Structures are given as structure tokens and as C-alpha cells.
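Trainee: First the structure, then my questions, so here it is.
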Amino acid sequence: MYDTCPACGSQDLHDSISFRAPVFCNVLYKTKEEALQATQGDFQGTYCGKCGHFFNRIFDQTLLEYTEDYDTSLHFSPKFQVYATTLAQHLISTYDLRDKSIIEIGCGRGDFLRLLCEGQGNQGHGFDTSYDDRQTESAEFLTFYREYFDESHDDISADFIVCRHVLEHVDNPLEFLERLRAVPSFRSDTVLYFEVPNGVYSLKDLGVWDFIYEHFSYFNSHSLRVIFERAGFRVLDLREAFGGQYLCIEVECGSGESQIENLSLERNLKECLSGIQRSFKEKINQWQDLLSTPKKEGGGFAVWGAGSKGVSFVNFVGGAEFLVDLNPGKQGRFTPGTGLEVRSPDSLLDREVAAYIVMNPNYKDEIAAELKVKGIEASIMVA
């Protein structure tokens, strides 16, 4: 049980939504039986009245072990490829990332690290306990470590640090950042790029399918800035990206002035935080009512996207026939908690379902085009 805000340290905490769910959304199983037996965990959503940070107050990190079975790769989507490529080009240009040593903490399959290094003369060092060399093309400019990054790797030069969609998983993010700040090889001009899900998207825009056990923290721009400044970093840039779904922060190791005493949450965010429990239940009930219609007409529905959003959706709402995903590593496997099969787009048949539920609005046009090419006529609904 956490008694203070992990971002700003305030004790002004308020409990809201609670549920029980599989501890992993991004681990799929070889059999339906295994999927139905997946480990569950309790989620007690709590928000800070000072900085607006939202987190799971009863989070238990010991339930989570990140192995090669953990897969969050989005690079099979053309839409996401454009985003990642554009981001890499921005970082290369802004920080002159040429002939440099780049460390990525939580590199996944190494797709983004490759974008930063290939053709630039950079040497990339990727750290991730879930790294799977069976799904990664080797390159002389990339070195991967199936372990966590810490001060013991001080022999690696740190010209630039990347850490994308990791901080929200850490149960003590301030300590994590403070330890990172203290790594001896980090210079005062070493720049770090962090990317996390935008908690405001989940709260204000009711992207409630993003509430998953894997994520301890749901940052907003206030709480993200505060925690980096408390850890001793100076904020260079802080912005939203990917249709408002991500928060991106660029910092350097030089100390900056903390804004913690001047925090003032906007009224809309305060209202969303205080009303999230009601809104969460209402949205689930609305979808359960809505999706009962196509089933009565002789066809069920399928969920497009077997990542966090899709797995949460089928656990919260129920009733799906199957899920669809572009990632070959997920196809033929089964979702935790519900035991639904994940299929490839090539396996779909016309009129097999009445409606496809698109889990991320960013991919709606991409999915519609895929269905059109296959001659499949079905409704598309955005969750």
C-alpha cells in the first residue's frame, strides 16, 4: 500500500476505480487452458490531489517477470512505423546523433534503437530482460543485453539515453530516475529521452482500456515534469505525441528548478479524476449494451489489436469471438483471462463477424483499408 504520491510526494491521495485483471496483457499463451489460468492481480486506482498523478496503490511488482514471452512491439503497423521513424529523425537532428554511443533502456526487440543507429555511425546498446534474439536481425552496430541497465554498466559511454514505455512499469519511479541520474558515465550534457502513455488520454478522454496491471503509473504533464525535476534533471522539452496518447520528455542531467510548489491542476482534469470511477463503469456498460446488437443480428464482434487495449477490452466487456493482430508473434496464441484466439488478417473471412472493434483510433484508417482489400464487409467501431 502506497501512502504518498510516487511523483510529487504528496499525501493528498484519493482512491477511485478498482478491479481484478491478468497481471500481463502483453504475454499471450500457447493454449486456451494456459490463458484462462493466467495470474491475476488487484488494481486500486488512486489519484494525487496535488499533481494529478494516477497510480495503482496496491501494485505488487513481484507478480511481474518480464521474459522473452513479453511482446509489445508495434512496428508491424505502417502507421506506427511512420511515427517511430519521424521521432528517430527528430532526435538525430536535434541532438546531432551521429558517431555517438546510444543506450536504450527497455529496448524490446530493438526496432527503435536500430532506427537511431543505422546509417548514422552510432553504436547502440539495448537493455531488456524480455529481449528475444530470435525476432531480431543482428547488426554490428547493435549490442543487446538481456538484463536491466544499472551503474554496473558504467563502461558504456552514454552520449544519449532512450527509455520508451518503461517508467510507467516501475513501482518506485523516483528512485529509478535518481539511480539513473547517478550513473558515473552520464555527463552534465547527457540528454535522455523518455516516453510514457499519457494518463490524461486515459482519464479525460476515457481511454479506459489503458488501465492495466502492468502499469503502476499514469503520468500527466504535471506529474511527469515534477518527478524528473525531483530526481535532479533539467527539462528541455515536454510534449504530447501520437494523437495525444503519449507524453514525451527530453531532459539533461544538469539540475533544474523544481516547479512542485507552483502546481495548479486544470479544472477539467480535477473533474475527470474525481469522476473516473463513475465514468469507467458507464463506459463498460455502454459497450456491453452496444455490442449486444450485432450478436442478435446473427454475427458477433472481433477486436482488432491484441495489445494492452484489446486484452483489457475483452476482459472488461466480454463477448468477443476472437482478436486480430498484425504481429506474427501473437497470432495463434490466446489472451490471458479470456482465452480468446488471436488471428492474422489473412485468416479473416467475409461476413464472419458483424463488427470489428478497433482498439486504437490511430489505426482505424489502416484497418479499414486492410478489410477493403480483402473484400470484407463489416462495421468498424472505435473503442
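Trainee: Quick check on segment 253-268. Is at least one of its residues charged (D, E, K, R), at pLDDT 90 or above and closer than 22 Å to LYS204 by Cα?
Mentor: Looking through segment 253-268, none of the residues is charged (D, E, K, R), at pLDDT 90 or above and closer than 22 Å to LYS204 by Cα.
Trainee: Could you identify the single residue in ASN327, ASN285, ASN315, ASN362 that is of a type outside the set (Lys, Arg) and over 25 Å from SER73 (Cβ atoms)?
Mentor: Values: ASN327 fails: over 25 Å from SER73 (Cβ atoms); ASN315 fails: over 25 Å from SER73 (Cβ atoms); ASN362 fails: over 25 Å from SER73 (Cβ atoms).
Being of a type outside the set (Lys, Arg) and over 25 Å from SER73 (Cβ atoms) holds for just one of ASN327, ASN285, ASN315, ASN362, which is ASN285.
Trainee: Within segment 57-67, track down each residue that is under 27 Å from LEU323 (Cα atoms), touching a Phe, Trp or Tyr at 6+ places or on another chain (Cβ under 8 Å) and crowded, with 16+ Cβ neighbours inside 10 Å.
Mentor: Within segment 57-67, just LEU64 meets the criteria.
Results for (1) farther than 25 Å from LEU115 by Cβ; (2) touching a strand residue (DSSP E or B) at 6+ places or on another chain (Cβ under 9 Å); (3) surrounded by fewer than 19 Cβ atoms within 10 Å (Cβ to Cβ), shown as yes or no for each residue.
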{"site": "THR143", "(1), (2), (3)": "no, yes, yes"}
{"site": "ALA158", "(1), (2), (3)": "no, yes, no"}
{"site": "CYS163", "(1), (2), (3)": "no, yes, no"}
{"site": "VAL166", "(1), (2), (3)": "no, yes, no"}
{"site": "GLU175", "(1), (2), (3)": "yes, no, yes"}
{"site": "GLU178", "(1), (2), (3)": "yes, no, yes"}
{"site": "ALA182", "(1), (2), (3)": "yes, no, yes"}
{"site": "GLU195", "(1), (2), (3)": "no, yes, no"}
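Trainee: Further, regarding this structure: Count, please, the residues in segment 226-240 that happen to be of a type in the set (A, V, I, L, M, F, W, C) and either assigned to a loop (DSSP other than H, G, I, E, B) or under 20 Å from ASP171 (Cα atoms) (or both).
Mentor: So the count comes out to 5.
Trainee: If a residue must be in contact with a Phe, Trp or Tyr (Cβ under 8 Å, 6 or more places away or on another chain) and under 11 Å from GLU104 (Cβ atoms), how many such residues does segment 123-154 contain?
Mentor: Going residue by residue through segment 123-154, those that are in contact with a Phe, Trp or Tyr (Cβ under 8 Å, 6 or more places away or on another chain) are 123-131, 133, 136, 144-149, 153.
Next, only the ones that are under 11 Å from GLU104 (Cβ atoms) stay: 124-128, 131, 144-145, 149.
Count: 9.
Trainee: Can you report the number of residues in segment 341-358 which are in contact with a Leu (Cβ under 9 Å, 6 or more places away or on another chain) and closer than 25 Å to TYR201 by Cβ?
Mentor: Here the count works out to 4.
Trainee: So, one more: Does GLU104 qualify as being over 19 Å from the mean Cα position of the chain (by Cα) and either of a type in the set (Asp, Glu) or outside the structural domain of ALA241 (by TED's automatic domain parsing) (or both)? Steps first, answer last, please.
Mentor: Values: over 19 Å from the mean Cα position of the chain (by Cα): no; either of a type in the set (Asp, Glu) or outside the structural domain of ALA241 (by TED's automatic domain parsing) (or both): yes.
The answer is no for GLU104.
Trainee: Follow-up. Which of the strands (runs of 3 or more DSSP E) contained wholly in segment 108-225 include at least 2 residues that are without any contact (Cβ under 8 Å) to a residue 40 or more places away in the chain?
Mentor: 123-127, 142-145
Trainee: Any idea which of LYS50, LYS79 is out of contact with any strand residue (DSSP E or B) (no Cβ under 9 Å at 6 or more places or on another chain), of a type outside the set (Phe, Trp, Tyr) and assigned to a loop (DSSP other than H, G, I, E, B)?
Mentor: LYS50
Trainee: Now for a different question. LEU74 versus (1) in a strand (DSSP E or B); (2) under 21 Å from PRO328 (Cα atoms); (3) hydrophobic (A, V, I, L, M, F, W, C): which is the lone unmet condition?
Mentor: Looking at each condition in turn, LEU74 falls short on (1).
Trainee: Restricting to strands (runs of 3 or more DSSP E) lying wholly in segment 297-383: which have 1 or more residues that are buried (at least 20 other Cβ atoms within 10 Å of the Cβ) and in contact (Cβ under 8 Å) with a residue 60 or more places away in the chain?
Mentor: It comes to 301-304, 355-358.
Trainee: Sticking with this structure for a sec: Filter segment 110-141 down to the residues that are in contact with a strand residue (DSSP E or B) (Cβ under 6 Å, 6 or more places away or on another chain) and surrounded by fewer than 20 Cβ atoms within 10 Å (Cβ to Cβ), then identify the one that is modelled with the highest pLDDT. Show your work before the answer.
Mentor: Taking segment 110-141 as the starting set, the residues that turn out to be in contact with a strand residue (DSSP E or B) (Cβ under 6 Å, 6 or more places away or on another chain) are 110, 113, 116-117, 122-127, 130-131, 141.
Imposing the further condition that a residue be surrounded by fewer than 20 Cβ atoms within 10 Å (Cβ to Cβ) reduces the set to 123, 130, 141.
Values: GLN123: 96, SER130: 88, PHE141: 93.
Per the criteria, the residue is GLN123.
The values are calculated or read from the model by the stated rules, or taken from the named source; none is laboratory data. Since the model is a prediction, treat every value here as computed from it, not as a measurement. Positions of Cβ are backbone-derived with ideal geometry, glycine not excepted, and every protein chain shown enters the neighbour counts.
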